[in-house]
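Undergrad: Submitted below is the structure of interest, expressed as structure tokens.
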Amino acid sequence: MSNNGEIRRRGLMLVLSSPSGAGKSTLSRALLADDNAIRLSVSATTRARRPGETEGKDYFFVSPARFEEMVKADAFFEHAHVFDHRYGTPKQPVVDALRAGSDVLFDIDWQGTQQLKEQARDDLVSIFILPPSHDELERRLKARAQDTDEVVTRRMAKAAAEISHWPEYDYVVVNRDVKRALEQIKAILEAERARRTRLVGVGDFVAELTKS
Ligand code: 5GP
């Protein structure tokens, strides 16, 4: 048996969380475009679709009744109320991806991260993205034209509460510059991929290396 220099590994769960306006969506998109080994976990939500969003790609947009059915059927890895809506991570695609050695990216809030930590600590790598300053956070929130003024004000008020959860994360990245922040996230991902405990095939690899 030849191992082609590759060690079989278990996939990891990479969580990116941040207050709205820290630039997390831009970073997630850039990471997914750059790295074929990671795929996005598409959440289900009861909120309305925003212009430019695609069903099944950005979210599965479901009714509150359907969401509740999925909760009862134990179809979610985690779920939470965020703002006035419900959000949840479908379980089976994640289980399948990790087993197949693919990494999964999660754009979820601190509540979801805590639930994933309880259920899958060894598979989880969590990064909290911070905006560079108060003024910049405010500016970015106002630039999101899709939301009404009232929503922006509420989100600004909630940002401080969300930011207070940074100590629950493995890594913190300040998004001063998208290119630099992306480099940091990629470096974290590369290092975590080499973690011995994820390399389930290392025993076979070493046996092949040292066979007589
Ligand atoms: P938005 O409505 O702007 O897309 O997302 C609002 C918030 O919900 C973001 O902080 C996002 O990370 C979070 N969110 C999206 N999907 C999920 C999910 O499946 N679970 C949890 N816990 N939070 C989510």
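Rule-based calculations on the coordinates, nothing more; no lab input. Because the structure is a prediction, the values reported are computed rather than measured. We place every Cβ from the backbone using ideal geometry, glycine too, and count neighbours over all the protein chains shown.
Undergrad: Which FRET efficiency, nearest 0.05, do ALA120 and SER164 yield, Cβ-Cβ r, R0 35 Å?
TA: Efficiency at R0 = 35 Å is approximately 0.90.
Undergrad: Further, regarding this structure: Once fully extended, how much extra length lies between VAL172 and ASP84, figured as 0.36 nm per residue of separation less the alpha-carbon to alpha-carbon distance? Working shown, then result.
TA: On the way: separation 88, 0.36 × 88 = 31.68 nm, distance 2.70 nm.
So the extension gain works out to 29.0 nm.
Undergrad: Rounded to whole Hz and in sequence order, give me ³J(HN,Hα) for segment 53-64 from the Karplus expression 6.51 cos²θ - 1.76 cosθ + 1.60, θ = phi - 60°, writing x for Gly and Pro.
TA: Rounded to whole hertz, the list is 8, 10, 4, x, 10, 8, 7, 9, 8, 10, 6, x.
Undergrad: Percent antiparallel among DSSP beta bridges with both residues in the chain, to the nearest 5?
TA: Details: 8 of 28 bridges.
Percent antiparallel among DSSP bridges in the chain is about 30.
Undergrad: So which lysines can LYS186 reach, going by Cα to Cα under 26 Å and dropping same-chain residues fewer than 8 places off?
TA: Within the straight-line cut-off, LYS186 pairs with LYS24, LYS57, LYS91, LYS117.
Undergrad: Next question. Pull out the extension gain between GLU136 and ALA194, defined as 0.36 nm times the separation in residues minus the alpha carbon to alpha carbon distance; nm, one decimal. Don't skip to the answer; put the middle values down first.
TA: Values: separation 58, 0.36 × 58 = 20.88 nm, distance 3.51 nm.
Extending this stretch completely gives an extra 17.4 nm.
Undergrad: Next up: What residues have an amide H closer than 5 Å to that of PHE77, excluding those fewer than 5 places away on the same chain, when H is modeled at 1.01 Å from N in the peptide plane?
TA: Result for PHE77 returns THR89, LYS91.
Undergrad: Can you list residues whose amide H is under 5 Å from VAL15's amide H, if they're 5+ apart or on another chain and H is modeled 1.01 Å from N?
TA: PHE106, VAL125, SER126, ILE127
Undergrad: Rounded, prolate or oblate for segment 70-212? Axes are the square roots of the Cα gyration tensor eigenvalues, ordered a ≥ b ≥ c, and the cut-off for rounded is a/c under 1.5.
TA: oblate
Undergrad: Let me know the charge dipole size of the chain about its Cα centre in debye, to the nearest 20, where only the beta-carbon of Lys, Arg (+1) and Asp, Glu (-1) is charged.
TA: Values: 33 positive and 33 negative charges, 47 e Å.
Charge dipole of the chain: 220 debye, to the nearest 20.
Undergrad: Another question, if that's okay. Quick one: if the Förster radius is 41 Å, what FRET efficiency do ARG8 and THR54 give, using the C-beta to C-beta distance and rounding to 0.05?
TA: Working: r = 33 Å, r/R0 = 0.82.
The pair ARG8/THR54 has a calculated efficiency of 0.75.
Undergrad: In addition: Mind checking which of VAL82, VAL104, GLN115 is farthest towards the positive end of segment 55-145's charge dipole, using Cβ charges of +1 (Lys, Arg) and -1 (Asp, Glu) about the Cα centre?
TA: Most positive-ward Cα: VAL82.
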